[in-house]
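The values are calculated or read from the model by the stated rules, or taken from the named source; none is laboratory data. Remember, it's a predicted structure, so these values are computed and weren't measured experimentally. All Cβ positions, even for glycine, are placed from backbone atoms using ideal geometry, and neighbour counts span all protein chains on display. Surface areas here come from the heavy atoms of the whole protein model, side chains and all, with no ligands, DNA or RNA. Shrake-Rupley method; radii C 1.70, N 1.55, O 1.52, S 1.80 Å.
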There are 2 protein chains.
Amino acid sequence: MVVDQVSDSELDRLFQALADATRRDIVARVLTGEYSVSGLAAEYAMSFAAVQKHVAVLERASLVTKEKRGREQMVRIHLEGLRRARRLLDDYEEIWQQRVARIDDILAEG
Amino acid sequence: MVVDQVSDSELDRLFQALADATRRDIVARVLTGEYSVSGLAAEYAMSFAAVQKHVAVLERASLVTKEKRGREQMVRIHLEGLRRARRLLDDYEEIWQQRVARIDDILAEG
DNA sequence: TTGATCTACAACCATTTGGTTGTAGATTAG
DNA sequence: CTAATCTACAACCAAATGGTTGTAGATCAA
């Protein structure tokens, strides 16, 4: 079946992390701008602690990293995770294409 | 921020569905072969009902469809969902590339 | 018809998830 | 030094998740 370069639990954490609109929004923000955890927290109608948890989920999924700067914790993108998730979906689509091609071949033969 | 062609809850369900190794395996199987729900259930060390639930999750996420054939329920891939998830990650990477390009420009100017 | 197979779905349970509040430690500003 | 800011983390809670067993309805095979 190949498809899996990466461990199951790693992908679990990755897709799990992306399965929340707030977290996807954090990823989108961090992709373009520079944000501290409290900077992010200011953007959402939830507590600082809640946002802190979301960032922690993204961190465990290797989608972001944190870097201490003074008393702030800057949140930066960690593209690796994004690429891994995308790669799996690419693989899926490739498998699909191959299957379609194979069926075409069979039809051409018959 | 653009990024979202699709509703938040739709993406929630999509990534949520992909955040489980059994369900990813079901997707991979269904991409290449033909499986009924019980055919899938035979592949995993869990109850039929559990697999049934996994298929239901994939169905709600528009990753598979079911088609009744006799007393069996055939599970087929529904590529739409896969493509949607991939598209979002593509958009993310594009945003990242644009940001890198912009920084390069600034450095070139300075 | 009868029995086996496949499915649907409810009820239940333990764990995880996404939120809260509260407390305490660093760091910065005045 | 003192006060404000930013973070970390614990404790708690309701709801969702991933599993189970059990029951019942269709469909097929003999």
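The residues of segment A:31-52 that are within 27 Å of B:Arg99 (Cα to Cα), within 13 Å of DNA strand D (Cβ to nearest atom) and part of a helix (DSSP H, G or I), listed by number, are A:Val37, A:Ser38, A:Gly39, A:Leu40, A:Ala41, A:Val51, A:Gln52. Within segment B:55-64, being open to solvent by less than 50 Å² (accessible area, probe 1.4 Å), outside any loop (DSSP other than H, G, I, E, B) and under 19 Å from B:Leu11 (Cβ atoms) holds for B:Ala56, B:Val57, B:Leu58, B:Val64. Whenever a residue of segment A:84-105 is under 18 Å from B:Arg86 (Cα atoms), its partners that are not in a helix (DSSP H, G or I), lying with C-beta atoms within less than 6 angstrom and at least six residues away or across chains, give the pairs A:Arg84/A:Val6; A:Asp91/A:Val3.
This table checks each residue for (1) within 13 Å of DNA strand D (Cβ to nearest atom); (2) modelled with pLDDT under 95; (3) part of a helix (DSSP H, G or I); (4) open to solvent by less than 10 Å² (accessible area, probe 1.4 Å).
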residue	(1), (2), (3), (4)
B:Gln16	yes, no, yes, no
B:Ala28	no, no, yes, yes
B:Arg76	no, no, no, no
B:Leu82	no, yes, yes, yes
B:Asp90	no, yes, yes, no
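Within segment A:21-36, the set of residues being closer than 27 Å to B:Ala85 by Cβ and within 12 Å of DNA strand C (Cβ to nearest atom) comprises A:Ala21, A:Thr22, A:Arg23, A:Arg24, A:Asp25, A:Ile26.
Looking at B:Val51, is it open to solvent by less than 50 Å² (accessible area, probe 1.4 Å), away from chain A (no Cβ under 14 Å) and near DNA strand C (Cβ under 8 Å from one of its atoms)? No, not satisfied. The residues of segment B:14-31 that are touching a residue at least 12 places away in the same chain (Cβ under 8 Å) and of a type in the set (A, V, I, L, M, F, W, C), listed by number, are B:Leu14, B:Phe15, B:Ala17, B:Leu18, B:Ile26, B:Val27, B:Val30, B:Leu31.
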